[in-house]
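What follows is a single structure, written as structure tokens, with notes after it.
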Amino acid sequence: MSWTFGSALRARWGLDPNLRYLNHGTVGAPPLAVLEEQWRIQREIERQPARFLLRDLAPNGMPSGVRNVPHLREAVARVAAFLGARGEDMAFVDNATTGIYGLLRSIPLEPGDGLLVADQGYGGVNNGARYAARERGLALQTWTMPTDDPRPERLLDAFRAGLKPNTRLAVVDQIHSGTGLVLAVDAFAAICREHDVLLIVDAAHVPGCIEVDVPALGADFWVGNLHKWAWSPRSSAVLWCTPPRQRDIHPAVISWGLDQGFAEEYDLLGTRDPSPHLTAPFALALLAEAGDVMGHNRDLARAGAEHVAVHVGGALLGEPSQWASMVPVLLPAELAANPEEARLLKDCLLFEHHIEAQVTWLPQGACLRVAAQIYNELEDYEALADALRTRL
Ligand SMILES: Cc1ncc(COP(=O)(O)O)c(C=O)c1O
């Protein structure tokens, strides 16, 4: 039976009861039941740590494996099914940053080839692109996101305008970090194919936020976090690679699996705790049991954003097809007129009003990324609007 959504569900999370948590996606927040499953798996590992981690975990376990299907392959197949993909085309990585960075360093390119990122792409990923470009002699190129009016066609036109004759690889967010807007990455993939450009989709916020059939997007590489909206413990993410490209890529860290095949390369990267990855299938099952979480979050985030916009004189960015569980509200300049004031506003919400909410800075001004999870209620957004109004 599906759950009754609302603030009573906070009891299923470990969140501070005195805090209004309106930023679920930022680092994720797994339900307590998921953490208990993770602890159960950790206890199982500790019964025979060497056997679990070296023989049974990965296909390239150093001594001969004992299980028919190694633990990581079993878990990734279940996550892949949730994302419309085949387990053999997917591997666990620690987080979106690490997964994408390994791709940026290993996708075969020649010095002088262009690597295209968005000017407002995620800072950590763009830094990885900058470093990879520096190391490999690539030309780092940027396209300018029209966040003043980010309708789908304008985003595509801006991306097209950013492509240069030497562009060979691009990174595009499926859900843009600064605003929470959903980008039509299938259309970006079609443009890339036309121009002979490989595409990495940065889907850090996607699993559990929007429905997705990864292979159908037409991209070459796709990396999504499970620890944000898919309720999995930190750190857990997956990387998907189209079959013909799998032998070309390598993880950010090289270990025993070098040149042994895709799963072999990614599944055993030195000694680490695999419990976040192994818990992911349980987290996805719980998400399904809860009911229409994605639909609920989309509707609540929109209602919350509309409430805030009306009460503080802000404007929603984008259009309904681009909104999921995070909806951007451009705030009036009286609330924050520069990046430093935007940062102070975020601090003020947390430290004076006990509200955790994301405030980012766009060229147009401060952007409140209004997010919803099933433990939130409209009353949370009323409190957020009231808190903001005290600053007007
Ligand atoms: C678009 C995008 N890419 C990458 C990341 C980084 O995710 P992680 O810190 O899990 O690597 C984020 C995090 O919010 C993001 O929004």
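Only residues that are in a loop (DSSP other than H, G, I, E, B) and under 23 Å from R105 (Cβ atoms) were counted across region 166-183, and they come to 3.
Filtering region 5-38 to residues that are free of Cβ contacts under 8 Å to residues at least 60 places away in the same chain and touching a helix residue (DSSP H, G or I) at 6+ places or on another chain (Cβ under 9 Å) leaves A11, G14, P17, L32. Looking at region 176-191, can you tell me whether even one residue there is away from the ligand (no atom under 16 Å from the Cβ) and not small (G, A, S)? There is at least one residue in region 176-191 that is away from the ligand (no atom under 16 Å from the Cβ) and not small (G, A, S).
Based on what the data block shows, is Q364 at pLDDT 95 or above and buried (at least 21 other Cβ atoms within 10 Å of the Cβ)? So Q364 does not fit the description; no. Identify all residues within region 247-285 that are at pLDDT 95 or above, surrounded by fewer than 20 Cβ atoms within 10 Å (Cβ to Cβ) and among the aliphatic types (A, V, I, L, M); write none if there are none. Selection gives A252, V253, I254, A285. Of all the residues in region 184-214, those that are within 23 Å of L138 (Cβ to Cβ) and either part of a loop (DSSP other than H, G, I, E, B) or touching a residue at least 40 places away in the same chain (Cβ under 8 Å) (or both) number 8. Could you tell me whether region 293-302 includes any residue that is in contact with a helix residue (DSSP H, G or I) (Cβ under 6 Å, 6 or more places away or on another chain) and without any contact (Cβ under 8 Å) to a residue 60 or more places away in the chain? No, because not a single residue in region 293-302 is in contact with a helix residue (DSSP H, G or I) (Cβ under 6 Å, 6 or more places away or on another chain) and without any contact (Cβ under 8 Å) to a residue 60 or more places away in the chain. Of all residues in region 118-130, those that are without any contact (Cβ under 8 Å) to a residue 60 or more places away in the chain have Cβ atoms under 6 Å from Cβ atoms of residues that are within 7 Å of the ligand (Cβ to nearest atom) and in a helix (DSSP H, G or I), 6 or more apart or on another chain, in G124/T97. If only residues of region 112-137 that are within 16 Å of the ligand (Cβ to nearest atom) and charged (D, E, K, R) are counted, the one that is surrounded by the fewest Cβ atoms within 10 Å (Cβ to Cβ) is D119. Scanning region 24-47 for residues that are part of a helix (DSSP H, G or I) and under 30 Å from L368 (Cβ atoms) returns H24, G25, T26, V27, L32, V34, L35. One residue alone among L140, L169, L109, L156 is under 26 Å from A315 (Cβ atoms) and either of a type in the set (K, R) or away from the ligand (no atom under 13 Å from the Cβ) (or both), and that residue is L156.
Going by what's in this entry, would A309 be described as under 19 Å from the mean Cα position of the chain (by Cα), modelled with pLDDT of 95 or more and either crowded, with 20+ Cβ neighbours inside 10 Å or among the aliphatic types (A, V, I, L, M) (or both)? The answer is no for A309. Note on region 231-242: among residues that are within 12 Å of the ligand (Cβ to nearest atom) and crowded, with 24+ Cβ neighbours inside 10 Å, the one that is farthest from V214 (Cα to Cα) is S232.
Is region 247-256 home to any residue that is within 16 Å of the ligand (Cβ to nearest atom), touching a Ser or Thr at 6+ places or on another chain (Cβ under 7 Å), under 30 Å from R55 (Cβ atoms) and in a helix (DSSP H, G or I)? Within region 247-256, not a single residue is within 16 Å of the ligand (Cβ to nearest atom), touching a Ser or Thr at 6+ places or on another chain (Cβ under 7 Å), under 30 Å from R55 (Cβ atoms) and in a helix (DSSP H, G or I).
The values are calculated or read from the model by the stated rules, or taken from the named source; none is laboratory data. Remember, it's a predicted structure, so these values are computed and weren't measured experimentally. Methodologically, a virtual Cβ is constructed for each residue, glycine included, from the backbone with ideal geometry; neighbour enumeration extends over all protein chains shown.
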